[in-house]
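All remarks here apply to the structure that follows.
The values are calculated or read from the model by the stated rules, or taken from the named source; none is laboratory data. Small disclaimer: the values here were computed from a predicted structure and weren't measured. Cβ: placed from backbone, ideal geometry, glycine included. Neighbour counts: every protein chain shown.
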Amino acid sequence: MSFPRNCWYVAAWSHEVPADGLFARTILGAPVLLYRTAAGQAVALEDRCCHRGAPLSRGRREGDAVRCGYHGLKFAADGTCLEVPGQQTIPREARQRAYPVLERHNWVWLWPGDPALADPALVPDNWACGDPAWPHVPDMKTWPVDWRLVCDNLLDFSHLSYTHEKTLGGSTEIAQSRAEIERLERGVRVTRRVRDVPPAPYHRRFGDLPGNVDRWFIYEFMLPGVLLMHSGLKPTGAAWEDMTGALRLESCQALTPESADSTHYFFMQAAGFGQDDPALPGAIHAALLQAFEEDRAMIEAQQAMLKLGTLPMVAIAADAALAQFRRLLERSLAAEAGPG
Ligand code: FES
Ligand SMILES: [Fe+2]
């Protein structure tokens, strides 16, 4: 399968890349070594040594460089070979691929495509991952599914009513409502508002709620699979702009293919209330984990069915956002493939 390459992908949470030491992760089917220079700058090199293919992550850091643990070739942070033990000259081809990498709000972003196009302005704004006013538990899981199926899942919240009936959903009104979709240059914005519904089962943890609530989910979903969501609930009946008694949540989620059949899923959700309740971020995280397990189980089962063979899929209104995103993906892949 091909993936869009000229995009920033989340490679890791900042805390996963140690200050000292080497960290390995497969991204878009390629083994990647992540580490930090003495100044703390994140570095991403191909994790397959250009000499005989050993993983550099089994070697060691030497200053800002890394030495392969097999026969000792040493590479600078930009991939240049600095030393070949036992010889003076360094073969011209001896170099490791270095990926453009940068860190924003506790996510390490990696650009697997043309380095000349790696524009930092294209990094989606995951500010909530780094804002102390929005405490949360950062997490990631790797799921054995095609990343596009997880994108589909996040682009259609009608599934909250059914897949998450007993966790995040709690009402079929979510599936009954129609989302508004807006095309963005590198994604879509989805707005879904639902009035006068019972709070979701997981909302009970938020304290005494006044009976039925109005809920909203507003998110940008950006290439290559980054969700930035502003959601919440408030007492039913007031205008949408009236935020009296509103409980607001922010969530950042990013999908990075590990391979054609597996996906790294980085996520957090934070509450803009309950700052006097230190257990709240953990409770929200636990609720999210429970719901994500419902997604994973459904998507794995769906993928097993899809592997039986391609069938035409029946389009329904709820598919609008995911269909737009799939088209955007196709266009990106076509543009990267070039003419012909
Ligand atoms: S495989 Fe890395 S030095 Fe030989
Ligand atoms: Fe879900």
From A54, A65, A98, A76, grab the single residue that is within 28 Å of the chain's Cα centre (by Cα), modelled with pLDDT of 95 or more and in the same structural domain as P112 (by TED's automatic domain parsing). A98
Name the residues in the range 260-290 that are small (G, A, S) and surrounded by fewer than 18 Cβ atoms within 10 Å (Cβ to Cβ), would you? A260, S262, G272, G274, A279, G282, A283, A286
Hey, among the residues in the range 88-121 that are in a loop (DSSP other than H, G, I, E, B) and small (G, A, S), which one's nearest to H136 (Cα to Cα)? A118
So L322, is it touching a helix residue (DSSP H, G or I) at 6+ places or on another chain (Cβ under 6 Å) and either assigned to a loop (DSSP other than H, G, I, E, B) or within 28 Å of R25 (Cβ to Cβ) (or both): yes
Taking the criterion of being crowded, with 18+ Cβ neighbours inside 10 Å, at pLDDT 95 or above and either polar (S, T, N, Q) or within 15 Å of ligand 1 (Cβ to nearest atom) (or both), would at least one residue in the range 32-39 satisfy it? yes
Quick one: which of L45, L28 is outside the structural domain of W143 (by TED's automatic domain parsing), surrounded by 14 or more Cβ atoms within 10 Å (Cβ to Cβ) and either within 16 Å of ligand 2 (Cβ to nearest atom) or at negative phi (or both)? L45
Being of a type in the set (K, R) and either touching a residue at least 24 places away in the same chain (Cβ under 8 Å) or in contact with a Ser or Thr (Cβ under 8 Å, 6 or more places away or on another chain) (or both) is the filter here; which residues of the range 66-109 pass it? R95, R97, R104
If a residue has to be part of a loop (DSSP other than H, G, I, E, B) and within 16 Å of W111 (Cα to Cα) to count, how many in the range 19-73 make the cut? 4
Tally the residues that are more than 9 Å from ligand 1 (Cβ to nearest atom), over 30 Å from W8 (Cβ atoms) and assigned to a loop (DSSP other than H, G, I, E, B), restricting the search to the range 74-87. 1
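Every residue, every condition in (1) free of Cβ contacts under 8 Å to residues at least 60 places away in the same chain; (2) touching a His at 6+ places or on another chain (Cβ under 7 Å); (3) not in a loop (DSSP other than H, G, I, E, B), yes or no:
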{"site": "F273", "(1), (2), (3)": "no, no, no"}
{"site": "E300", "(1), (2), (3)": "no, no, yes"}
{"site": "M305", "(1), (2), (3)": "yes, no, yes"}
{"site": "A318", "(1), (2), (3)": "no, no, yes"}
Can you name every residue in the range 140-152 that is part of a strand (DSSP E or B) and either farther than 24 Å from P201 by Cα or within 12 Å of ligand 2 (Cβ to nearest atom) (or both)? T142, W143
Would you mind finding the one in V101, V66, V10, V84 that is out of contact with any Asp or Glu (no Cβ under 9 Å at 6 or more places or on another chain), surrounded by fewer than 18 Cβ atoms within 10 Å (Cβ to Cβ) and of a type in the set (A, V, I, L, M, F, W, C)? V84
Return a yes/no flag: does the range 248-259 have any residue that is surrounded by fewer than 22 Cβ atoms within 10 Å (Cβ to Cβ), in contact (Cβ under 8 Å) with a residue 12 or more places away in the chain and out of contact with any Ser or Thr (no Cβ under 9 Å at 6 or more places or on another chain). no
Strands (runs of 3 or more DSSP E) within the range 153-256 that include 1 or more residues over 16 Å from the mean Cα position of the chain (by Cα) and either hydroxyl-bearing (S, T, Y) or not assigned by TED's automatic domain parsing to the domain that holds P135 (or both): 187-197, 226-235
